[in-house]
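Enquirer: To start, I am sharing the structure in question, which I have written as structure tokens.
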Amino acid sequence: MTVLVSILSLMVLQGSSFRIGFTFDGSYPAMSDERDYSDLLNEGDLDFKLDDVTWTGGLEALGDVSEKLRLRGSVSVSNFHGTYEENYNPLSYALIGIFTCGLAFLFGSPDNEVISLEDESLNIEAAAYYKLAESPAVSIGGGPSIVMVSRTIDTPETESSAKATGMGFNAGIRIDQESGFRFLGLPLVLGAEAGYRYCNVKLDEEYTGDFSVDFSGPYIKVGTYLNL
Amino acid sequence: MKRWIIVITGIVFSLLLTSCDSTSYPFMTAIDTVDIDYTLDSSGTVDVTVENSYMTEVRTLISSEEQEAGLHTVTWDLLDDEGEYPGDGLYTVEVFLNGDRVFVQILEVNRQ
């Protein structure tokens, strides 16, 4: 990781091709322990629902070391959500709407989140790619990541959370293309990547047992970069 | 002025109505020793355990006990197997009959 940051810094100083931008990706995480836990709650007559997709937003730097080698460093945050909601009584909600002259309808849905589960991960990734083609630049590669995960469950009267740090890995194929647009006088580059992310971290606090937060799964990422 | 009184009265009434809305959640809240009722469809060997929200067993309430079909009650004092309070949070009391899970009771434990 330190080596990658050093190389990217050197590339900026030497005037090599260097890009920085924001990315957004969606993935289908394994979350097997969360799914087992959700099944257990459902067995207990709680209609607990888990999201299917994890959303990740991040800041990414890309740089070319040579004609064939591209490096990437990124910091991103992933989020996975589960919830048990109760609907308001429709009659109460209608009366509230009438008495507040409709103002109540302006503020969100009538659902009342009773229990919420939030899994989050902060990912620091480093990756190297081999360029297969130019314009658009197609490259394949991957690299390790440091992952800091947290899991929080909120109930009406309690909140419990646990954290852990672990290692991950990701591999993918990416396409980068000059957009032709400029922002602040700098050329904009569009990028997309599809691949697989391994990111399974076992919580290591008291009472967490073998429970792991597993963000592993296939992902699709898009990003907009400034060519510096 | 009269219109504002009506609107404010309406808002207060609405808030009262909201607070009186259904709060009968499908889980129990426990602040002290709690009794859990369960019904067995057949007799057999029963185990009852308590797991925390990380699906880690914190307490064995009944271990390999022969029980008849019918209604039973088990008591949990909110302590783990070491006699310590395992902390606030969401817990599940699970009843196993001949190794199969037949009943789950969700508990929101808030002793502190």
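Enquirer: Here is a check on your reading of the model: is residue A:82 part of a strand (DSSP E or B) and modelled with pLDDT of 95 or more?
Expert: Spelling it out, residue A:82 is indeed part of a strand (DSSP E or B) and modelled with pLDDT of 95 or more.
Enquirer: For the structure I just gave you, tell me whether residue A:125 is over 30 Å from residue A:175 (Cβ atoms), modelled with pLDDT of 95 or more and in contact with a Lys or Arg (Cβ under 9 Å, 6 or more places away or on another chain).
Expert: Spelling it out, it is not the case that residue A:125 is over 30 Å from residue A:175 (Cβ atoms), modelled with pLDDT of 95 or more and in contact with a Lys or Arg (Cβ under 9 Å, 6 or more places away or on another chain).
Enquirer: Something else about it: For the stretch A:32-79, name all the residues that are out of contact with any Phe, Trp or Tyr (no Cβ under 9 Å at 6 or more places or on another chain), touching a residue at least 12 places away in the same chain (Cβ under 8 Å) and assigned to a loop (DSSP other than H, G, I, E, B).
Expert: Selection gives A:65, A:67.
Enquirer: Out of the strands (runs of 3 or more DSSP E) lying entirely within the stretch B:37-112, which hold 2 or more residues that are closer than 22 Å to residue A:36 by Cα and within 14 Å of another protein chain (Cβ to nearest Cβ)? Explain how you work it out, then say what you get.
Expert: Working: elements: B:44-51, B:57-67, B:70-76, B:89-97, B:100-109.
Once the strands (runs of 3 or more DSSP E) in the stretch B:37-112 are filtered for at least 2 residues that are closer than 22 Å to residue A:36 by Cα and within 14 Å of another protein chain (Cβ to nearest Cβ), what remains is B:44-51, B:57-67, B:89-97, B:100-109.
Enquirer: Considering A:152, A:165, A:224, which residue is open to solvent by 10 Å² or more (accessible area, probe 1.4 Å), within 14 Å of chain B (Cβ to nearest Cβ) and part of a strand (DSSP E or B)?
Expert: A:152
Enquirer: Return yes or no: is residue A:117 facing chain B (nearest Cβ under 10 Å), at pLDDT 95 or above, under 30 Å from the mean Cα position of the chain (by Cα) and farther than 17 Å from residue A:175 by Cβ?
Expert: So residue A:117 fits the description; yes.
Enquirer: When the stretch A:175-199 is examined, which residues are found to be in contact with a Gly (Cβ under 6 Å, 6 or more places away or on another chain) and either more than 18 Å from residue A:77 (Cα to Cα) or open to solvent by 80 Å² or more (accessible area, probe 1.4 Å) (or both)?
Expert: Selection gives A:176, A:191, A:198.
Enquirer: Taking only pairs six or more apart or across chains, which ones have beta-carbon atoms under 9 Å, a first residue in the stretch A:177-193 that is more than 17 Å from residue A:23 (Cα to Cα) and among the charged types (D, E, K, R), and a second residue that is open to solvent by less than 40 Å² (accessible area, probe 1.4 Å) and assigned to a strand (DSSP E or B)?
Expert: A:182/A:188
Enquirer: Further question on the same structure: Scanning the stretch A:200-220 for residues that are within 30 Å of residue A:190 (Cα to Cα) and open to solvent by 10 Å² or more (accessible area, probe 1.4 Å), which turns out farthest from the other protein chains (Cβ to nearest Cβ)?
Expert: The qualifying residue farthest from the other protein chains (Cβ to nearest Cβ) is A:220.
Enquirer: Could you look through the stretch A:35-49, keep only residues that are at the interface with chain B (Cβ under 7 Å from one of its Cβ atoms) and among the charged types (D, E, K, R), and pick out the one that is nearest to residue A:80 (Cα to Cα)?
Expert: A:36
Enquirer: Limited to the stretch A:48-81, what total is found for residues that are within 24 Å of residue A:226 (Cβ to Cβ) and open to solvent by 30 Å² or more (accessible area, probe 1.4 Å)?
Expert: Total satisfying the criteria: 10.
The values are calculated or read from the model by the stated rules, or taken from the named source; none is laboratory data. Computed from a predicted structure; not experimentally measured. FYI the Cβ positions are ideal-geometry reconstructions off the backbone, even for glycines, and counts take in every protein chain you see. When the accessible area is computed, the model is the full protein with side chains, heavy atoms only, and any ligands, DNA or RNA have been set aside. Shrake-Rupley method; radii C 1.70, N 1.55, O 1.52, S 1.80 Å.
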